[in-house]
Each structure stands twice: as C-alpha cells, then as structure tokens.
Amino acid sequence: MNKPSPEVLESFQSRLLGTLLRPSDPAYELARRVHNGMIDKRPALIARCQGTSDVVQAIRFAREHDIPVSVRGGGHNVSGRAVVDGGLVIDVAGMKGAHVDPEVRTVRAQAGLTWGEFNRETGVFGLATTGGVVSTTGVAGLTLGGGLGWLFGRYGLAIDNLLSAEIVDAEGRVRTASDEADPDLFWAIRGGGGNFGIATSFEFRLHPVKTVLGGIVAHPFDAAGEMLRFYREFTAELPDEATAFAGVLHAPDGSGTKIAALVLCHCGPESEAEAALKPAREFGSPIMDTVDRMPYETINGMLDGGFPRGALNHWKSSFLSELSDDAIEMVVERFAETPAPMSSILIEHFHGAATRVDPTATAFPHRTPGYNCAVITQWLDSSINQACIQWSRATYAAMQPFFGQGRYSNYMGDEEGDEVTAAAYGPNVPRLVELKRKYDPTNVFRLNQNIAP
Ligand SMILES: Cc1cc2nc3c(=O)[nH]c(=O)nc-3n(C[C@H](O)[C@H](O)[C@H](O)COP(=O)(O)OP(=O)(O)OC[C@H]3O[C@@H](n4cnc5c(N)ncnc54)[C@H](O)[C@@H]3O)c2cc1C
C-alpha cells in the first residue's frame, strides 16, 4: 500500500461529489461505526459517495494506490466487513434515490437505501417487493446475499425480483447486469454477495401490497417446546402468502423475561389471511397477540426496536435438516441459559415461491423448503462480551447434530474457509470461482463472504 500524500488526497476529494473523510474529520467517528457495536475498525479513508461517478473515482483511486477496499451499504452485516482497518471504505449509504414506475410496476433504487426508505417510496404507489424484516437493514448487502423477508413465500427472495443492477467493476468500469446485458454477472450477484463489484443501483419488480395481516403472538417461556412443535405442524400447510417465524426471545419491555413467540405476516386477501393465521392465534394460552391489519411499511418496522444500532452482536446460523423434537428441546434448553439479555434463537420457515427456484438458477443455492436456525446473540454491556460470545458458540455447537449442509451467507459472522464457502454457496462454488476469475481476478473485493479466484 502506498500512503497517499496530502496533495493526492486533495486531488481525490476534488474528483468526488461526496465527502472524503479522514480520521481527523469530526464526522469520521460516526462514519466508521456500523450496526454491530462489536466492530471497532479504523479505516484510513471513508469515501462517502453521492453517485456512480464517485464510486468509479474511489475504486480507481484504491487500485492506483494499492489500498484495501471495503464496501458499505446499510452497514448491517454483523461481520463488520463493510469497514476495513487502514483501508478505504467505499460508502454508498448516501445514495438514496428511488424512481418507481407504477405502470410497469418496477423501481430503480440506489444502493444506499435501507428497506424502510425503499418501502416508503414504493408504498406511495401501493407497491412492494421482498425485503428484510427489519427496516434499518440495507437494500444492497441483503439483496446481493439473497434476501428473505415478509413476502418471500409469495414473491420469492429479493434476488428473485431483481431485474437488473448497475455494477462498478474492479477496474472502475460501469456494467449493467441483467439477463440480456451480462447474464454471467447477473447470475453471480444474485447470491454471490459483494464479490463481483460495487452495486450502485438495483431495478426490482414490484407487486401490489398495501396492507398485510401480521404481528406477534407471544407465549410464556414454559410453553416454548409445545409452541415450537405446534409451529412445525402449522407451517407444514402454510399458503405462499403467509410467512411464519418462531423463536425464543426476551420480552421487548426490557425486563429480561424470556418468552416464546410466533411472528406472523399474510399478504393475501383479508378473508384468506384471517383464516390462515387463525390456528396460530388460537393455539395455547398466549400472553400477547398483536396481530392486526397494517400497512406493509408498518410490519417492516415492527421488529426494529429489538435490534438497536450499536448493540453488541454475535450471530451464528445454519439450515436445519429438520425441525425435530430433539432440535426443539435443544433450542429451549440452550436459551434457558443465555447470559445475553436481548438474544433470541429464531426459526425461519422457508417455503413457497422462494423454494420453487432451481438451486443453480442463481448463485443462491438454498431452495429446499425447511427451516433456518439463527442464534442471534445481542447485548449492550461490554463487560459480559466473553460470556455472551461463549454462549453463542456453545449453542451453535450444541445444535450441530440438527443442522443440514447449507448456511445463509448474510447471517455469517467473521467466518471463512473452504467449509464455510461450501456451506454458503453449495453446488454453485465452481461457477462462482470461474466468474470471480473473470470479473475480479485479483480479489479486490475480498471483504465479504469471499470466493477466492
Ligand atoms: C437486525 C438485522 C436484521 C436482518 N434481517 C434480515 C432479513 O430479514 N433478511 C435477510 O435476508 N437478511 C437479514 N439480515 C442480514 C442482512 O441481509 C445482512 O447483514 C446484509 O449484509 C446487510 O446488508 P447491508 O447493506 O445493510 O450491510 P453492509 O454491512 O453495509 O454490507 C454487507 C456486505 O455486503 C457487501 N455490500 C454492501 N453494499 C454493497 C454494494 N453496494 N455493492 C457491493 N457489495 C456491497 C459488502 O461485501 C459488505 O461487506 C439482517 C441483519 C441484521 C443485523
């Protein structure tokens, strides 16, 4: 790496519409922080890009001066790979344009939008597409990794609604990735993460979704095992329009009380929605039922309070081979011992449109109906870091006998190696390696769930 002189940095800034931050700038401290408060990296430079031309300038500058690069969208990835010690962060979070075409039901969305911001713009037209279940998560990282959310049973993953993307490649060239323009690149960015370039905008297909029926049905922790066994039966017959997650978690009132809950959403017609969610609302003796008709934007913000920016996070996840009684028992047993007062173990049901795509049709291979298990360890007090991380790892290890082969790359922490790559990309590894050699042979984009060229 060649340390650029002050004159070189001045010249770089003059070519940007956005701002180049250095450690001495007042805005630097906040800009280097991401969602996960465990991440404490000190980049040499942060280029806060305002448009595609800024991204082109930034990547060319990094190449010329041999500076390591990270790319930041919404900053939500728990691994913290959006920032880099001593390198250049290419930060697209300020790029927030969205243009909806209500006639053809598409949106062209810039890469810095969060899902909350995206949904505001599409919601004006009564339209939506599959995005994350938490509104503060970035459109960019979530989409490039696959993207599951409230609407994925009915409309597929975020990538299944992607029509094209504008990508700045490792040479600073602007490419269009679509089925027509560059099918290889388009295949690779739908699940292959940030390995192939920097996305500056995305074009998505939209669907008429104004309101949904959804909410949380909570039970005492004592009923967790019974509730999860009910959840297994309930999800066996779930229509595409319904999404149902279940888990053990802490009550949102901050009391530290452990509870079990069903998290529900139905995006279909009112009468069908009521009937589909009825069994989940009638099961057992709930201590809370917030299920109601609400705008799609509202359900997208429903869980935000449970995931505050800056909280300390350690995540582990894997798909289950099946949601067996023994797996359920282990979830309950492990959660009873968690020292992390905002943690949860979440079971996410995959079904419907997201599972009717061939595993090799896009780079995202996890298309079998079933369940993902996410150990979401979250806390605020840094004096208990060790205990929380240990619990997270031990819980993941205890769940190992119940896991299948695959793991969702977007939920991975700072994990790497051939085994991790195989779990994340499955049968798509050979083609991804071949395309990495084509689009990024020197691995400029390596701070991600990396595919080594
Ligand atoms: C609270 C919370 C809730 C979540 N909920 C969901 C959910 O409902 N569904 C789901 O599927 N996932 C969910 N996730 C996981 C989420 O998909 C990933 O963390 C994702 O990486 C976040 O994207 P981001 O842009 O916010 O993150 P960032 O940390 O900014 O980016 C993550 C990585 O993506 C790449 N990247 C980001 N922007 C670009 C770009 N413009 N061009 C190229 N590469 C880029 C980079 O490699 C970067 O390191 C959640 C995560 C959190 C913390």
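The values are calculated or read from the model by the stated rules, or taken from the named source; none is laboratory data. Given the structure is predicted, the values throughout are model-derived calculations rather than measurements. We place every Cβ from the backbone using ideal geometry, glycine too, and count neighbours over all the protein chains shown.
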Are there any pairs, at least 6 apart or on different chains, whose C-beta atoms fall under 6 Å, with the first in segment 125-145 and without any contact (Cβ under 8 Å) to a residue 60 or more places away in the chain and the second crowded, with 23+ Cβ neighbours inside 10 Å and β-branched (Val, Ile, Thr), and if so, which?
LEU144/ILE189
Could you go through segment 354-365 and let me know if any residue there is of a type in the set (Lys, Arg), outside any helix (DSSP H, G or I) and over 20 Å from the mean Cα position of the chain (by Cα).
yes
Could you give me the residue pairs with C-beta distances under 7 Å whose first residue belongs to segment 299-323 and is within 16 Å of GLN405 (Cβ to Cβ) and more than 11 Å from the ligand (Cβ to nearest atom), whose second residue is modelled with pLDDT of 95 or more and assigned to a loop (DSSP other than H, G, I, E, B) wherever it lies, and which are 6+ apart or on separate chains?
SER318/ARG407; PHE319/HIS366; PHE319/GLY404; PHE319/GLY406; PHE319/ARG407; LEU320/GLY404; SER321/GLY404
For segment 399-428, how many residues are modelled with pLDDT of 95 or more, under 14 Å from GLY145 (Cβ atoms) and not in a helix (DSSP H, G or I)?
3
Residues (within 25 Å of LYS316 (Cα to Cα) and of a type outside the set (A, V, I, L, M, F, W, C)) located in segment 72-115:
ARG72, GLY73, GLY74, GLY75, HIS76, ASN77, SER79, GLY80, ARG81, ASP85, THR114
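Residue-by-condition table, conditions (1) in contact with a Phe, Trp or Tyr (Cβ under 9 Å, 6 or more places away or on another chain); (2) without any contact (Cβ under 8 Å) to a residue 12 or more places away in the chain:
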site	(1), (2)
PHE12	yes, no
LEU21	yes, no
ASP25	no, yes
LEU45	yes, no
ILE59	no, no
ALA93	no, no
May I ask you to list the residues in segment 375-395 that are farther than 22 Å from HIS35 by Cα and crowded, with 22+ Cβ neighbours inside 10 Å?
THR395
Determine which single condition ILE347 fails, assuming it passes every other condition in (1) touching a residue at least 24 places away in the same chain (Cβ under 8 Å); (2) more than 17 Å from ALA246 (Cβ to Cβ).
(2)
Evaluate segment 233-243: report whether one residue or more is of a type outside the set (A, V, I, L, M) and within 16 Å of the ligand (Cβ to nearest atom).
yes
